[in-house]
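These notes are about the structure you will find just below.
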Amino acid sequence: MKCSVCGNDTSNYDSKKRRAICPACDAKQKGKVCNKCGDCCRGFHMPLKNLNNDVRKYLLYHENCEIQEHNGKHFLYIKNKCKHLGDDNLCAIYESRPEVCKRGYTEDTDNVIYPEKCSLKPDG
């Protein structure tokens with residue numbers, strides 16, 4: 001399914017429901033605008049399904065990683081700045097950035113942790 005506003009594919013935004021509008025366009029229509037904090041480009045979260053003590057130790061032995069809990073689920077947060085994020089918090093390859101960067105965050109908040117400063121988060 002394509003976003004009715006920008007034309008981007010919306011099939012990957014939410015596995016539970018298909019939308020006719022992508023999260024970025026939905027946020028704009030609700031009057032939310034990216035505040036360009038750059039936090040989404042300074043690291044990313046990966047859901048962890050099987051977090052036992054051995055896996056926890058292994059992950060925490062690596063630099064720039066931490067385990068976070070959100071809505072009862074565990075996430076690996078990898079603090080690793082994108083090499084294209086400029087000092088002004090703007091993307092140096094904005095016009096040719098990957099599709100995942102264009103999509104931004106999904107509104108499936110059970111599986112997403114929004115950066116603290118993000119103006120697009122549902123309660124922000």
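The values are calculated or read from the model by the stated rules, or taken from the named source; none is laboratory data. As the structure is a computational prediction, the values presented were derived from the model and not from experiment. Cβ coordinates were reconstructed from backbone atoms using ideal geometry, including for glycine residues, and neighbour counts include every protein chain displayed.
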**OP:** Quick one: in the range 69-87, of everything that is over 14 Å from the mean Cα position of the chain (by Cα), at negative phi and modelled with pLDDT under 90, which residue is surrounded by the fewest Cβ atoms within 10 Å (Cβ to Cβ)?
**Re:** Glu69
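Can you work out which of the residues in the range 31-50 that are farther than 19 Å from Leu90 by Cβ and surrounded by 16 or more Cβ atoms within 10 Å (Cβ to Cβ) is farthest from the chain's Cα centre (by Cα)?
So in the range 31-50, the residues farther than 19 Å from Leu90 by Cβ come out as 31, 45-50.
Of the ones still in play, those that are also surrounded by 16 or more Cβ atoms within 10 Å (Cβ to Cβ) are 45, 48.
Details: His45: 7, Leu48: 15 Å.
Among them, the one singled out is Leu48.
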Subject >> Those residues of the range 88-105 which are closer than 15 Å to Cys34 by Cβ and at pLDDT below 80, in sequence order >> reply: Cys101, Lys102, Arg103, Gly104, Tyr105
